[in-house]
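Just below is one structure, and these are the notes that go with it.
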Amino acid sequence: MAENKDCSTGWCGPAPFANTPPIGLAPELQKQEDVLPDWKQIAPDLPVDAYATADALWWSRKLGAPQALGADLAPLLTGEDDARAVQRALARTWDWWPADRAPRYWKSGGASRDAALLHVPLPENGIHLGLATVAAPQTVFNLRGVEAEIALRIGQDVSAEQATALDDAGALALVDGVTVAIEWVDVRWRDGLKAPALALLADGQCHGGLALGDWLPASSIAGRDWSQQRCTVTVNGGEARLFTGTHSLGDPAWLLRDWLQHVAREYGRVPAGTVVTTGTWCGCMPLQAGDAFEMEFEGVGRLGWQF
């Protein structure tokens, strides 16, 4: 239910279930004013009609389990701007990245070069660095999906003016590092991946966590024929599955210019050291508790995640 601006009906304001603690919550947490964020103060750019979506995702993270259907909350979001405002509000509440700069880690991608690209910032406390095999996550909401990806790192600050003037070659020239990445896919809605697109975007676009391998210099991929790039994945040491040239954009760097312009537009500049993952080569592979996932990009690196 969206905000009711017709007070002749007896009530007006945001949806009546906004800011309501989940049924069955422990009595000591039933007083919502003691625990719920003050969105008006914390996130003044968050539309009032989006408060209920932010509340539902906040409760899910606090309690470690999905608390609402994305299908119930998505109608309260008028578009991508509202969904992104929800994510920014949650970021401020949970300190996912410093308020005085752009997020350092991003996911980006699209189904094809003809489709719209999507760029989403990632919580910095969910990034795993320098580990050959990442330990199992403490909290899983719905899924243990995994994606094998290539990540790129920007080597210098990029202003909004510089980003606007970039062409594809100029964007690629800004890259100073490349590595392999595993994205863990999870959703904090009860309807999981079936939740509407805006609900998924508000929830960080199905992001659970990210592992990054050892960095190589950008020169290691100069002139690479990505159509011949081999990616091998295994689960529990079983038969290897080979994916060759299966990136949806044909080249993981193809999205760089659009991504850089998005970040600069949203945050004013792209700081040196900002990292973007560029989309899966193996689809989203479903795992079970206890599964061990390993992947290797030939000539780039290998990485594992124990679930």
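Brief remarks on what is shown
- Filter pass, L36 being surrounded by 13 or more Cβ atoms within 10 Å (Cβ to Cβ), modelled with pLDDT under 95 and more than 25 Å from the chain's Cα centre (by Cα): no
- T246 being of a type in the set (V, I, T) and either more than 18 Å from the chain's Cα centre (by Cα) or surrounded by fewer than 19 Cβ atoms within 10 Å (Cβ to Cβ) (or both): yes
- Filtered residues of segment 288-307 (kept if under 28 Å from S227 (Cβ atoms), of a type in the set (A, V, I, L, M, F, W, C) and not in a strand (DSSP E or B)): V300
- In the set (1) among the β-branched types (V, I, T); (2) touching a strand residue (DSSP E or B) at 6+ places or on another chain (Cβ under 9 Å); (3) open to solvent by 60 Å² or more (accessible area, probe 1.4 Å), the condition left unmet by V134 is number (3).
- Any chance Q261 is modelled with pLDDT of 95 or more, open to solvent by 60 Å² or more (accessible area, probe 1.4 Å) and not aliphatic (A, V, I, L, M): no
- Condition met for D251 (over 18 Å from V185 (Cβ atoms) and either of a type in the set (S, T, Y) or out of contact with any helix residue (DSSP H, G or I) (no Cβ under 8 Å at 6 or more places or on another chain) (or both)): no
- Boolean, L193 is in contact (Cβ under 8 Å) with a residue 24 or more places away in the chain, surrounded by fewer than 16 Cβ atoms within 10 Å (Cβ to Cβ) and either part of a strand (DSSP E or B) or among the aliphatic types (A, V, I, L, M) (or both): yes
- Cβ-Cβ distances below 6 Å connect no pair with a first residue in segment 38-54 that is in a loop (DSSP other than H, G, I, E, B) and acidic (D, E), a second residue that is modelled with pLDDT of 95 or more and open to solvent by 70 Å² or more (accessible area, probe 1.4 Å), and a separation of six or more residues or different chains.
Yes/no per residue for (1) in contact (Cβ under 8 Å) with a residue 12 or more places away in the chain; (2) of a type in the set (D, E, K, R):
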{"site": "L63", "(1), (2)": "yes, no"}
{"site": "Q87", "(1), (2)": "yes, no"}
{"site": "R92", "(1), (2)": "yes, yes"}
{"site": "P98", "(1), (2)": "no, no"}
{"site": "P123", "(1), (2)": "yes, no"}
{"site": "A136", "(1), (2)": "yes, no"}
{"site": "N142", "(1), (2)": "yes, no"}
{"site": "G145", "(1), (2)": "yes, no"}
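- Selection over segment 113-137 of residues that are more than 18 Å from the chain's Cα centre (by Cα) and part of a loop (DSSP other than H, G, I, E, B) gives a count of 8.
- Within segment 267-291, if we keep just the residues that are among the hydroxyl-bearing types (S, T, Y) and open to solvent by 20 Å² or more (accessible area, probe 1.4 Å), the residue that is modelled with the lowest pLDDT turns out to be Y267.
- From R104, R84, residue being basic (K, R), open to solvent by 20 Å² or more (accessible area, probe 1.4 Å), at negative phi and touching a Gly at 6+ places or on another chain (Cβ under 8 Å): R104
- Near pairs, Cβ below 8 angstrom, 6+ apart or cross-chain, from segment 65-79 (open to solvent by less than 20 Å² (accessible area, probe 1.4 Å)) to any residue that is of a type in the set (S, T, Y): A68/S60; L73/T53; A74/T53; L76/T53; L77/T53
- Residue list for segment 147-190, filter: open to solvent by less than 10 Å² (accessible area, probe 1.4 Å) and not in a strand (DSSP E or B): A163, A171, D186, V187, R188, W189
- Filter pass, W305 being open to solvent by 40 Å² or more (accessible area, probe 1.4 Å), in contact (Cβ under 8 Å) with a residue 12 or more places away in the chain and in contact with a His (Cβ under 9 Å, 6 or more places away or on another chain): no
The values are calculated or read from the model by the stated rules, or taken from the named source; none is laboratory data. For clarity, every value in this text was computed on a predicted model and none was experimentally measured. Positions of Cβ are generated from backbone atoms using ideal geometry, with glycine treated the same way; all protein chains shown enter the neighbour counts. Remember, those area values only see protein heavy atoms, side chains included, never the ligands or the DNA or RNA. Shrake-Rupley method; radii C 1.70, N 1.55, O 1.52, S 1.80 Å.
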